[in-house]
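Here's the structure, in structure tokens; my notes come after.
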Amino acid sequence: MKSADLSFMPVSQSELQAMAYTDPLTGLGNRYRMRDKVMQISAERADDPAPFTICIANLDRFKPINDLFGAAAGDEILCQVAHRLKACLPDGALVTRHDGDEFAFVLPLIFERASAERFGQMIREILSAPYDLGDRNVRLSASFGFAIYPFAGEEFDDLLKSAETALYRSKRRGHGQITVYTREIAEEMRRTTQLEQALRSAIINDAIDVHFQPIVSLATTQVVGFEALARWRDPDLGPVSPGIFVPLAEERGFIDTLSEVLLRKAAEAALAWPRELFLSFNLSSAQLMDPGTSANVLSILGRAGLDPHRLELELTETAMMGSADTANRIITDLRRAGVRISLDDFGTGQSSLGRLRDFMFDKLKIDQAFVARINTDRASEHIIKAILAMCEGLDLEVVAEGIEDPAQAAKLRSLGCAMGQGYYFGRPTDAHSIKLLLRKIYGEASLEG
Ligand code: C2E
Ligand code: CA
Ligand code: CA
């Protein structure tokens, strides 16, 4: 082979070493270079552990820019970023590039939070100036995570992990944010890990429960179905809201296990209700990104023996944004099997009327924020009127959520809203109480279980 010639080019030991420590695109050091530097400083300071700081900087929304303008333009931006960062580097400091759009600093002379934040502000400013791509200019922001040695980690891996945690928090708060890993964050991480462990064992020990809240016909106040809501009471922590533990299970990657337990319990409870009552169950956003979800749901129903036509799945538009194609496939598969889909929290989050036009939903739930103000705020009333008119035109069923008093119920009824849910009609209660309630309404004979 002709190209083999190249392999005979003499490369010295030091050149090889330089290559192993260099990012080929920008010429900056890489992650190994950074680790080396951190280990060297901490060794120097072993006897007198004076602090120093590391920082990870991650460009915001770099991927869409890369997709839009092409990889060459993306590379050009990365090189310009590298150039700017090198130009403003303090004495003795190091800047490196890691994967993709991630850069890092080692800052031997930054000892505490305020200086770290000031440094972050300076870099943020420098990176915010437009990038010249020949025929056009592009603007970018960046997010920052700082970790201070030795508090945030004595070993390189721990220190880096703390900086990543801080960066993750910046990203969660939006674009261009700066976070320093502090005692409060460390404490919160510890609490979250504790909560995660408690939740995992609650799942294993079958300590997670499902309660049910009635959904009624507003015209007759008759119950037409129930929404399943997860409940967990930890012996030490007390009751923990599903608004906390559901996102935690998503973040830590065990939402399938949790949701499987919940759906199984909910489906088993629904078997004891009259057949005409539906079960409404919340799907989480992580489940809408998992192609296995539709098969899982149907197999849980199959094992419990609940007819898919009695199940409604509630999902939010924000949850669908994550990976729209996968979400669409899941919805299509489930609907084909007879499951109905309801759009939860409508009016908040990322509403897109386009999705309603695609006829993917059977029902829409008006968010409680509008319902709460229907009699006091004209804007809320108008929004609800508009939603009701739209649903009528699109042949969508409607439920108003969070009805707390008779005046709200009356108003919604007069506007033509067919169904309602809220404390006024009934709080979420356990399966046994629901059974007693239904027995009172329907009499013994009509209940199956
Ligand atoms: P969501 O799906 O919007 O559920 C409605 C929430 O409003 C429930 O809170 C319910 O208890 C509460 N609610 C009902 N009526 C009223 C009312 O009249 N006034 C007020 N102020 N609140 C009312 P909850 O049970 O704390 O659940 C919070 C969120 O956690 C749910 O919001 C849902 O997003 C999530 N969640 C609950 N259970 C599950 C579950 O089994 N799976 C998944 N993925 N998410 C769940
Ligand atoms: Ca819901
Ligand atoms: Ca809701």
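The values are calculated or read from the model by the stated rules, or taken from the named source; none is laboratory data. All of these numbers come straight from a predicted model, not from anything done at the bench. Glycine also receives a Cβ, built like all others from the backbone with ideal geometry; neighbour counts cover every protein chain displayed. With ligands, DNA and RNA removed, areas are computed over all heavy atoms of the protein, side chains included. Shrake-Rupley method; radii C 1.70, N 1.55, O 1.52, S 1.80 Å.
Listing for the model above:
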quantity: Potential lengthening between T193 and D157 on full extension [0.36 nm per residue; Cα-Cα distance subtracted]; calculated: 11.1 nm
quantity: Net length gained if the chain between A71 and T221 were fully extended (0.36 nm per residue, minus Cα distance); calculated: 48.1 nm
quantity: Cα centroid separation - region 289-332 against region 159-191, whole Å; calculated: 33 Å
quantity: Solvent-accessible surface (1.4 angstrom probe) belonging to H83, in square angstrom, nearest 10; calculated: 130 Å²
quantity: Residues with amide H under 5 Å from that of F52, placed H, sequence gap 5 or more; calculated: Y149
quantity: Cα gyration tensor shape of region 6-181, rounded if a/c is under 1.5, else prolate or oblate by comparing a/b with b/c; calculated: oblate
quantity: 3J(HN,Hα) from dihedral phi, region 302-307, Karplus parametrisation 6.51/-1.76/1.60, rounded to Hz, x for glycine, proline; calculated: x, 5, 6, x, 9, 4
quantity: Long-range amide H partners of S280 with built H, under 5 Å; calculated: F226, E227, A228, E312
quantity: Derived scalar couplings ³J(HN,Hα) [region 136-144; Karplus, 6.51 cos²θ - 1.76 cosθ + 1.60; whole Hz; x for Gly, Pro]; calculated: 7, 10, 10, 10, 9, 10, 9, 10, 10
quantity: Calculated from backbone phi, Karplus (6.51, -1.76, 1.60) coupling profile of region 84-96 in Hz, x at Gly/Pro; calculated: 5, 5, 5, 5, 10, 6, x, 4, x, 8, 10, 10, 9
quantity: S380, S141, S414, ranked by accessible area, largest first (probe 1.4 Å); calculated: S414, S141, S380
quantity: Computed over region 285-330, Cα set: Rg, Dmax in Å; calculated: 11.3, 32
quantity: Restricting region 274-364 to GluC sites (Glu not before Pro) in coil, as DSSP defines it, with at most 12 other Cβ within 10 Å; calculated: E276
quantity: Using alpha-carbon coordinates, inclination of helix 324-336 to the longest axis of the chain, degrees; calculated: 20 degrees
quantity: Å² of accessible area per residue within the chain, as computed with a 1.4 Å probe and no ligands counted; calculated: 51 Å²
quantity: Neighbourhood charge, 11 Å Cβ-Cβ cut-off, centred on D345 and excluding it, Lys, Arg +1 and Asp, Glu -1; calculated: -4
quantity: In Å², nearest 10: area of E155 left accessible to a 1.4 Å probe; calculated: 120 Å²
quantity: Isotropically averaged projected area of the chain, using the convex hull of Cα atoms (one quarter of hull area), nm²; calculated: 30.8 nm²
quantity: Shape category assigned to region 193-446 from the gyration tensor of Cα positions, a/c cut at 1.5; calculated: rounded
quantity: Acute angle (nearest 10 degrees) that the helix 183-204 long axis makes with the longest principal axis of the chain, alpha-carbon atoms; calculated: 50 degrees
quantity: Qualifying aspartates and glutamates (Cα of each under 19 Å from Cα of K171; at least 8 residues distant if same chain); calculated: D60, D99, D101, E102, E117, E125, E184, E188, E250, E251
quantity: For region 193-446, share of DSSP beta bridges that run antiparallel, in % to the nearest 5; calculated: 45 percent
quantity: Pairwise FRET efficiency - K86 versus S12, Cβ, R0 = 22 Å, nearest 0.05; calculated: 0.35
quantity: Estimated 222 nm signal from helices in the chain, with DSSP H stretches of n ≥ 4 weighted -39500 (n - 2.57), rounded to 500; calculated: -14500 deg cm²/dmol
quantity: Gaussian network model of the chain, Cα within-10 Å springs - most flexible of A267, A18, A418; calculated: A18
quantity: Positive minus negative residues near D157 (Lys, Arg vs Asp, Glu; Cβ under 14 Å); calculated: -2
quantity: Built amide H within the under 5 Å cut-off of E397, gap 5+; calculated: K363, L364
quantity: Choice from S217, S12, S115 showing the highest fluctuation, given a GNM over the chain with Cα pairs closer than 10 Å; calculated: S12
quantity: Top of R378, R427, R136 by mean-square fluctuation, Gaussian network on the chain, Cα under 10 Å; calculated: R136
quantity: Extended-chain gain in nm, criterion 0.36 nm per residue less alpha-carbon gap, T318 and S352; calculated: 11.3 nm
